[in-house]
Amino acid sequence: MCIACAVLLTGCNKNFTLFNSTNDKFNLNDLKYENIAIKSKMKYKGDDNLKFTANIRMRKDSAIWFSLSPGLGIEAARGLIDSDSILLLDKIHKEYTHRNLENLFKGFNFDFQIGMIESIIVGNLVWPVKKNNQVTKRNGYYVITQEQGDLRLISYVGFKTMKLERLEAQSINTPNRLDISYDNFEKLDSLMVYPKKVEINADYFDTKYQKKKIANITINHVKVEIDQNNYNYSISIPSKYARKKN
């Protein structure tokens, strides 16, 4: 979402400093939590067209629990992502998969970590701003360019909101990319703000099937709770479930 500022600051597209001798932190309005519960309506367009309700619980930088229901209150899948793996129960076909998190995103050629997935869901800046990062002013945004390994992140933070409003994630060595936009910002309390709408567009070469793919995911957060309950993150595999081959 583009924020229309009443007065655009001069010096667009030139580097500038966000730091001083006593403060090396970028003053972002990130969502702060130890545990968070989110209910969302999601749409996926890619190899299939899917609609479902997602219930998500996240413990900061350590666990993402989720439950997916396509309709009528029937749970189709349940999963748990931890620091290095994902466990997914297919409750329709009575199967489960347990995969390494690195291999899961191998087709994207991105080194995703659990904290990055959390940040994308809630609209927080993925990596903290450091003094050596390139930061420019452009059309109502602070534009922050960061690189780590093969991944380049370009984050657009609105002048007025001080929230991440757009994120470009690019593979430096391949054409793979994600474009993520955040919209419909809402106050959770008097201090914290979160985006109710998240839209993700993926354009990548799938190494497993050796072809280019595109996908679109639209997430509309319906309800967000922070640190209100002692959420359960455990998942047990029923004895009748068969392990699905990766």
Close pairs from the stretch 214-227: first within 12 Å of Ser40 (Cα to Cα), partner open to solvent by 50 Å² or more (accessible area, probe 1.4 Å) and among the acidic types (Asp, Glu), Cβ under 7 Å, at least 6 apart: Thr218/Glu199
Of (1) in a strand (DSSP E or B); (2) out of contact with any Leu (no Cβ under 7 Å at 6 or more places or on another chain); (3) touching a residue at least 60 places away in the same chain (Cβ under 8 Å), Asp179 fails just (3)
Looking only at the stretch 182-219, count how many residues are within 24 Å of Asp30 (Cβ to Cβ) and outside any strand (DSSP E or B). 5
In the stretch 225-243, what count of residues is obtained for those that are closer than 30 Å to Asp189 by Cα and not aliphatic (A, V, I, L, M)? 9
Tell me whether the stretch 129-137 contains one or more residues that are hydroxyl-bearing (Ser, Thr, Tyr) and without any contact (Cβ under 8 Å) to a residue 60 or more places away in the chain. no
Would you check if there is a residue in the stretch 114-130 being loosely packed, with under 15 Cβ neighbours inside 10 Å and either of a type outside the set (Gly, Ala, Ser) or part of a strand (DSSP E or B) (or both)? yes
Take the conditions among the β-branched types (Val, Ile, Thr) and open to solvent by 30 Å² or more (accessible area, probe 1.4 Å) and apply them to Thr161. Does it pass? yes
So which residues in the stretch 131-158 are closer than 17 Å to Arg177 by Cα, open to solvent by 30 Å² or more (accessible area, probe 1.4 Å) and not small (Gly, Ala, Ser), if there are any at all? Thr145, Glu147, Gln148, Asp150, Arg152
Scan the stretch 44-91 for residues that are open to solvent by 50 Å² or more (accessible area, probe 1.4 Å) and either more than 16 Å from Ile235 (Cβ to Cβ) or under 17 Å from the mean Cα position of the chain (by Cα) (or both) and report the count. 19
So Tyr182 passes all but one of these: (1) closer than 20 Å to Lys45 by Cβ; (2) open to solvent by 50 Å² or more (accessible area, probe 1.4 Å). Which condition number does it fail? (2)
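The values are calculated or read from the model by the stated rules, or taken from the named source; none is laboratory data. Small disclaimer: the values here were computed from a predicted structure and weren't measured. Every residue, glycine as well, gets a Cβ built from its backbone with ideal geometry; the counts of neighbours run over all protein chains shown. These area figures cover heavy atoms from the full protein model, side chains too; ligands, DNA and RNA do not enter into them. Shrake-Rupley method; radii C 1.70, N 1.55, O 1.52, S 1.80 Å.
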